[in-house]
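Taking it in order: structure first as structure tokens, then the write-up.
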Amino acid sequence: MHHPDKVHPAFASATVLSLDGTPTALEVLWRDAPALIVFVRHYG
């Protein structure tokens with residue numbers, strides 16, 4: 001079982017854009033505190 005305080009290795013190298021558009025490694029979002037990640041698909 002994977003420990004809930006760690007980022008799963010499959011996601012560790014994923015890059016997402018921060019609110020200001022800066023590329024950020026997904027694992028950085030979990031570094032200091034738990035994080036809720038929501039993916040929104042844009043249609044149109």
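Per-residue 3J(HN,Hα) values for the stretch 27-44, derived from phi via the Karplus relation 6.51 cos²θ - 1.76 cosθ + 1.60 with θ = phi - 60°, read 5, 5, 5, 9, 4, 9, 6, x, 9, 9, 10, 10, 9, 10, 9, 8, 9, x Hz in sequence order (x marks Gly and Pro). Across the stretch 16-24, coupling constants 3J(HN,Hα) worked out from phi with the 6.51/-1.76/1.60 Karplus curve, θ = phi - 60°, read 10, 9, 6, 4, 8, x, 7, x, 9 Hz, and Gly and Pro carry x.
None of the figures in this text is laboratory data; all of them are computed from the coordinates on show. All of these numbers come straight from a predicted model, not from anything done at the bench.
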